[in-house]
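Below: the structure, in structure tokens.
Just so it is clear, none of the values below were taken in a lab; they were calculated from the coordinates. Bear in mind the structure is a predicted one, so any value in this text is a computation, not a measurement. Glycine also receives a Cβ, built like all others from the backbone with ideal geometry; neighbour counts cover every protein chain displayed.
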Amino acid sequence: MASTTERDDRISRIGHEIYETQLRPQVETEANIGKLISIDVNTGDYEIGDDLISTVDRLRQRRPAAQVWTERIGYDAVYAIGGAVERVRR
């Protein structure tokens with residue numbers, strides 16, 4: 001059985017890869033910059049919204065077994081503690 005850290009590392013690696021290679025070109029629009037995207041790493045299915053809980057809830061309504069990775073569209077982090085979330089320019 002994989003440890004929590006190993007599982008989390010796998011989810012983050014796959015989720016970020018799906019975002020970068022499949023989703024970013026279509027979802028990183030001016031209308032979506034700053035919104036959250038929650039991705040099911042098993043299927044590539046996703047939800048976009050302003051709130052983490054609602055995007056995950058909507059995704060899990062369609063995909064109850066979803067393993068979810070979330071990113072902030074156009075930024076380097078979802079949230080920042082004691083710092084700032086930086087806009088990524090590509």
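A few remarks follow.
- When the alpha carbon gyration tensor of segment 4-72 is reduced to an equivalent ellipsoid, its three semi-axes come out at 18, 15, 10 angstrom, largest first.
- Springs between Cα atoms under 10 Å define the GNM used for the chain, and in it the highest mean-square fluctuation of VAL68, VAL27, VAL56 occurs at VAL27.
- Pairs of Cα atoms nearer than 8 Å and 6+ residues apart set the relative contact order; for the chain it is 27 percent.
- Convex hull projection area averaged over all views, segment 32-80, Cα basis, nm²: 3.2
- Taking Cα atoms only, the orientation of helix 52-62 departs from the longest principal axis of the chain by about 50 degrees.
- Cα-projected label distance for SER54 with ASP8, points at 7 Å along beta-carbon direction, nm: 2.7
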